[in-house]
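Engineer: What follows is a single structure, and I will ask about it in a moment.
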Amino acid sequence: MKICVYGAGAVGGLIAARLSRSGHEVCVVARGSALEAIRGRGLRVLDRESGKVERHAVRAESDPAALGPQDYVVVSVKAQSLQEVAARIGPLVGADTSIITAMNGVPWWFFDRLRFGNGKLRLTSLDPGGKLARAMPTERVVGCVIHLAASTPEPGLVSHNMGSRLILGEPGGKTTQRTRRIAEALTAAGFEAMVTETIEKEFWVKLLGNVSFNPVSALTMSTADRLIEDPHVKAYMVQIMREVLAIGRAVGVDADIDPEARIDMARQLGQFKTSMLQDLEAGKALEIDGLLAGTLEIAGKAGVPAPFTESLFGLIRARALSSNQYRPTT
């Protein structure tokens, strides 16, 4: 299959490398130092357990128009970069192209197939003006929830630290051949890929951890294990998780997981830095709106109070503004 990964960061780079290794025609859209590194040295993957580094000759371009239509486009960027993707993804999308959204946070298409709102509600905090929906329409989308830990120690090098689970599903629960086909390809590439008919629920389970751990870790400059060990910080994160659970249930998406069980999922990853903490340390823009603004917009539409989540949104936004690392969605 022809597969383009848009965004060759930690997760996107790992997916591209694994799919290339298993024989697919893989290319990536990258920029800056990452683009130069992949072109010059290949896309490299470090296995933390063995210490082995694999190199993969993957075509890398900054301009999607140089790559042409694909069977699948895996969009693996932070939410603040989606407007750029929407403006440039067109040349990659042919008549039968499917778009895999492999990202954290609330997806812009979240309401499109829910009974709540009868498909008429839009997340304007994530997709003002509807540019994302027009460029990447829901009928092409396969959602992908990521349960693995990876990082980029240097441009073009992905460190695969732990886990390999990917959950795929189409909005609204329909499962078609395009979803089964990419799931089979990911499984053959070494991922633990599963297909679900409740992808919105799986996003919400992941969101419980993203909304709490990511901003709190960035504010405190702490790894996840330290947050869990501190009873006061843990209690604060539990309150946020309870609010997020209530928000999801109000719109018909029940994560059906206790906050303690969700914390246990993070505990299994051990001493790890969240993606937001990694971005803070690297001086990159923080993924605030994709995690918090979208969640709070849903809370407002559902009439669910979320004071703990609101305070966290204000605090992490203020922190990011102080270092010029917050770029509001426009």
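Engineer: Within region 270-282, how many residues are open to solvent by 70 Å² or more (accessible area, probe 1.4 Å) and charged (D, E, K, R)? Talk me through it step by step, then tell me what you get.
Structural biologist: Our first condition is that a residue be open to solvent by 70 Å² or more (accessible area, probe 1.4 Å); within region 270-282, this holds for 271, 273, 281.
With the extra rule that they be charged (D, E, K, R), the set shrinks to 273, 281.
Residues flagged as open to solvent by 70 Å² or more (accessible area, probe 1.4 Å) and charged (D, E, K, R) within region 270-282 amount to 2.
Engineer: Please work out which one of (1) more than 28 Å from ARG327 (Cα to Cα); (2) in a helix (DSSP H, G or I); (3) polar (S, T, N, Q) is the condition GLN271 fails and give its number.
Structural biologist: (2)
Engineer: Read through the list (1) touching an Asp or Glu at 6+ places or on another chain (Cβ under 8 Å); (2) in a helix (DSSP H, G or I); (3) basic (Lys, Arg), then give the number of the only condition that ARG180 fails.
Structural biologist: Unmet condition: (1).
Engineer: Of the residues that sit in region 250-269 and are acidic (Asp, Glu) and without any contact (Cβ under 8 Å) to a residue 12 or more places away in the chain, which one is most open to solvent (accessible area, probe 1.4 Å)?
Structural biologist: ASP258
Engineer: Being of a type in the set (Val, Ile, Thr) and either touching an Asp or Glu at 6+ places or on another chain (Cβ under 6 Å) or without any contact (Cβ under 8 Å) to a residue 60 or more places away in the chain (or both) is the filter here; which residues of region 54-77 pass it?
Structural biologist: The one that is of a type in the set (Val, Ile, Thr) and either touching an Asp or Glu at 6+ places or on another chain (Cβ under 6 Å) or without any contact (Cβ under 8 Å) to a residue 60 or more places away in the chain (or both): VAL58.
Engineer: Which fully enclosed helices (runs of 4 or more DSSP H) of region 191-255 have 2 or more residues being under 17 Å from the mean Cα position of the chain (by Cα) and of a type in the set (D, E, K, R)?
Structural biologist: Numbers: elements: 199-220, 224-229, 231-250.
In region 191-255, 199-220 are the helices (runs of 4 or more DSSP H) which contain 2 or more residues that are under 17 Å from the mean Cα position of the chain (by Cα) and of a type in the set (D, E, K, R).
Engineer: Please enumerate the residues belonging to region 220-248 that are of a type in the set (A, V, I, L, M) and within 15 Å of PHE272 (Cα to Cα).
Structural biologist: Selection gives MET221, ALA224, LEU227, ILE228.
Engineer: Of the numbered conditions (1) open to solvent by 50 Å² or more (accessible area, probe 1.4 Å); (2) at pLDDT 95 or above; (3) part of a helix (DSSP H, G or I), PRO305 satisfies every one except a single condition; which is it?
Structural biologist: Looking at each condition in turn, PRO305 falls short on (3).
Engineer: Quick check: anything in region 265-284 of a type in the set (A, V, I, L, M) and more than 30 Å from GLU154 (Cα to Cα)?
Structural biologist: no
Engineer: Look at LEU286 and say whether it is out of contact with any Lys or Arg (no Cβ under 6 Å at 6 or more places or on another chain), surrounded by 13 or more Cβ atoms within 10 Å (Cβ to Cβ) and assigned to a loop (DSSP other than H, G, I, E, B).
Structural biologist: Details: out of contact with any Lys or Arg (no Cβ under 6 Å at 6 or more places or on another chain): yes; surrounded by 13 or more Cβ atoms within 10 Å (Cβ to Cβ): yes; assigned to a loop (DSSP other than H, G, I, E, B): yes.
Yes: the conditions hold for LEU286.
Engineer: Only one of these is assigned to a helix (DSSP H, G or I), more than 19 Å from GLY252 (Cα to Cα) and open to solvent by 10 Å² or more (accessible area, probe 1.4 Å): LEU296, LEU315. Name it. I'd like the intermediate steps shown before the answer.
Structural biologist: Working: LEU296 fails: more than 19 Å from GLY252 (Cα to Cα).
Going through LEU296, LEU315 in turn, the sole match is LEU315.
Engineer: Continuing with the same structure: Applying the selection to region 320-330, what residues are within 28 Å of ALA86 (Cα to Cα) and open to solvent by 60 Å² or more (accessible area, probe 1.4 Å)? Let's see the steps before the verdict.
Structural biologist: So the first thing to find is which residues in region 320-330 are within 28 Å of ALA86 (Cα to Cα), and the list is 320-321, 323-330.
LEU321, ASN324, ARG327, PRO328, THR330, listed by residue number.
Engineer: Which of the residues spanning region 175-189 are touching a residue at least 60 places away in the same chain (Cβ under 8 Å) and open to solvent by 60 Å² or more (accessible area, probe 1.4 Å)?
Structural biologist: Result: ARG181, ALA188.
Engineer: For region 27-51, what are the residues that are within 24 Å of PHE272 (Cβ to Cβ), surrounded by 13 or more Cβ atoms within 10 Å (Cβ to Cβ) and of a type in the set (Gly, Ala, Ser)?
Structural biologist: Answer for region 27-51, where residues must be within 24 Å of PHE272 (Cβ to Cβ), surrounded by 13 or more Cβ atoms within 10 Å (Cβ to Cβ) and of a type in the set (Gly, Ala, Ser): ALA34, ALA37.
Engineer: I'd like to verify a number: residues in region 217-242 that are open to solvent by 10 Å² or more (accessible area, probe 1.4 Å) and either under 25 Å from VAL5 (Cβ atoms) or of a type in the set (Val, Ile, Thr) (or both), how many?
Structural biologist: Residues in region 217-242 being open to solvent by 10 Å² or more (accessible area, probe 1.4 Å) and either under 25 Å from VAL5 (Cβ atoms) or of a type in the set (Val, Ile, Thr) (or both): 5 in total.
Engineer: Would you mind listing the strands (runs of 3 or more DSSP E) fully within region 52-169 where at least 2 residues are open to solvent by less than 20 Å² (accessible area, probe 1.4 Å)?
Structural biologist: Working: elements: 53-56, 59-61, 70-75, 93-102, 141-154, 157-169.
Result: 70-75, 93-102, 141-154, 157-169.
Engineer: Okay, moving on. Output yes when any residue across region 190-212 is more than 30 Å from ALA302 (Cα to Cα), touching a Ser or Thr at 6+ places or on another chain (Cβ under 7 Å) and crowded, with 19+ Cβ neighbours inside 10 Å, and no when none is.
Structural biologist: yes
Engineer: Within region 66-100, track down each residue that is closer than 26 Å to ASN210 by Cα and touching a Cys at 6+ places or on another chain (Cβ under 6 Å).
Structural biologist: VAL73, ILE100 - these are the residues of region 66-100 that are closer than 26 Å to ASN210 by Cα and touching a Cys at 6+ places or on another chain (Cβ under 6 Å).
The values are calculated or read from the model by the stated rules, or taken from the named source; none is laboratory data. What you are looking at is a predicted structure, and each value in this text was computed from that prediction instead of being measured. Ideal geometry is used to build each Cβ from the backbone, glycine not excepted, and the neighbour counts take in all protein chains shown. Each accessible area value is taken on the protein alone, full model and side chains, heavy atoms only, with ligands, DNA and RNA left out. Shrake-Rupley method; radii C 1.70, N 1.55, O 1.52, S 1.80 Å.
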